[in-house]
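To keep things clear, I will list the structure first and then write my remarks on it.
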Amino acid sequence: MDFSGKTALVTGGASGIGLACVEQFAAAGANVVVADISGEGANAVAAKLGPKGLGFGGDLADPLAVADLFDLAMARFGRVDCAVNAAGISGNWGAFEDFPLEEWHRVIAVNLTGVFLCMQHEARIMLKQGGGAICNISSGAGFLPAPGMPHYTASKHGVLGLTKVAAKEYAARGIRVNAVCPGATLTPMMEKSIGGDAERQALMDATVPFGRMGRSEEIAAAAVWLCSDAASFVSGESMAVDGASVCR
């Protein structure tokens, strides 16, 4: 895959799957815009890329922050050829009937509204350019329910809905839109949840038919491929990258 002369934008790019996407785009020659809630983290990652990197810190559930992100990207690189919308949070668990509304709103805002806002800007730019590729990071919870996590489940199902709508709307206008649905993946978010407990990690590994959790770079490889010319006839796909956890 060759992204020389192209610009990729990655949200959630300071860690986990987003960071792995940044590294793979950069290795393939792209300019990369690294967006993250942690401006310090985003700038640190971008600094390692030299003049081909650009960091941005902001809450992508905020329409003004999203507008600033894309204004900055266009001012620096003049185009956005591909985007991976990877920013997301898992939120807290709770019983459905007692689930706190504020927790619902927080996860929906980041995981669904934030993706929607970014996709709007990405589509506007790509339509003017004559094409582009978008990959949204959903989850295995986009296919199957995650009990105790109604907010996360709804948000990741919603991301797949947005992906399919946009894929249909832009199919004849040069923009491909796909999603990757990771299974259990050993990201910093997952490591925090495990808390260094070997028994808990073993239980998580055992939920995956492969016998282990995925690695961020394995998920990123699918997302970057979907953004590449090698996937030129793929759009509207919800790709499970989960060690056979979901066999659709």
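Coordinate-derived values only; no laboratory data. Being a predicted model, the structure only gives us computed values, none of them experimental. Backbone-built Cβ (ideal geometry, glycine too); neighbour counts: all protein chains shown.
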- Helix axis angle, 39-48 relative to the chain longest principal axis, alpha carbon, degrees: 60 degrees
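Sorted by average packing, counted as other Cβ atoms within 10 angstrom per residue and highest first, what order do 21-28, 166-173 take?
The peptides rank, most packed first, as 21-28, 166-173.
At 222 nm, what value in deg cm²/dmol follows for the chain if DSSP H runs of at least 4 each add -39500 (n - 2.57) and the sum is divided by all its residues, to the nearest 500? Before the final figure, lay out the partial values.
Details: 9 runs with 110 residues, N = 248.
Helices in the chain give a 222 nm mean residue ellipticity of -14000 deg cm²/dmol.
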- Taking the Cα atoms of the chain, report the difference between the largest and smallest coordinate on each principal axis, in whole Å and largest first. 47, 34, 34
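Return the FRET efficiency for the residue pair Ser4, Phe233: r is the Cβ-Cβ distance, R0 is 30 Å, and the value is rounded to the nearest 0.05.
0.85
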- Item | Per-pair calculated FRET efficiency, R0 = 51 Å: His105 and Gln129 via Cβ, rounded to 0.05 | 0.90
- Message: Every cysteine in the chain with no other Cys Cβ under 4.7 Å from its Cβ, please list them in numeric order.
- Response: Cys21, Cys118, Cys135, Cys181, Cys247
- For Gly236, list long-range residues whose amide hydrogen, built 1.01 Å from N in the peptide plane, is under 5 Å from its own amide hydrogen. Val177, Asn178
- Query: Taking the chain as a Gaussian network, where each spring joins two C-alpha atoms under 10 Å apart, which residue of Asn31, Asn92, Asn43 fluctuates the most?
  - Reply: Asn92
- Item | Candidate lysines for bridging to Lys164, where Cα separation is under 16 Å - those fewer than 8 sequence places away on the same chain excluded | Lys156
- Express the relative contact order of the chain as a whole percentage, based on alpha carbon pairs under 8 Å and six or more residues apart in sequence. 19 percent
- Residue with peak Gaussian network fluctuation, the chain [Cα springs, cutoff 10 Å], from Thr153, Thr185, Thr207: Thr207
- Among Phe70, Phe56, Phe96, the residue with the largest mean-square fluctuation in a Gaussian network model of the chain built from Cα contacts under 10 Å is Phe96
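Quick one: which of 113-119, 131-137, 159-165 comes out on top by average Cβ neighbours within 10 Å, and what's the full order, highest first? Don't skip to the end; give the middle numbers.
Values: 113-119: 21.9, 131-137: 25.6, 159-165: 18.9.
By packing density, highest mean first, the sequence is 131-137, 113-119, 159-165.
Given the Cα-Cα distance of Leu203 and Lys168 and 0.36 nm per residue of separation, how much length would full extension add, in nm? Mind showing how you got there, number by number?
Numbers: separation 35, 0.36 × 35 = 12.60 nm, distance 3.94 nm.
The span from Leu203 to Lys168 would gain 8.7 nm if fully extended.
Going highest first, how would you order 228-235, 35-42, 121-128 by mean Cβ packing within 10 Å? Provide the component values of the computation, followed by the final result.
Details: 228-235: 13.8, 35-42: 21.0, 121-128: 17.8.
Per-residue mean Cβ counts within 10 Å order the peptides as 35-42, 121-128, 228-235.
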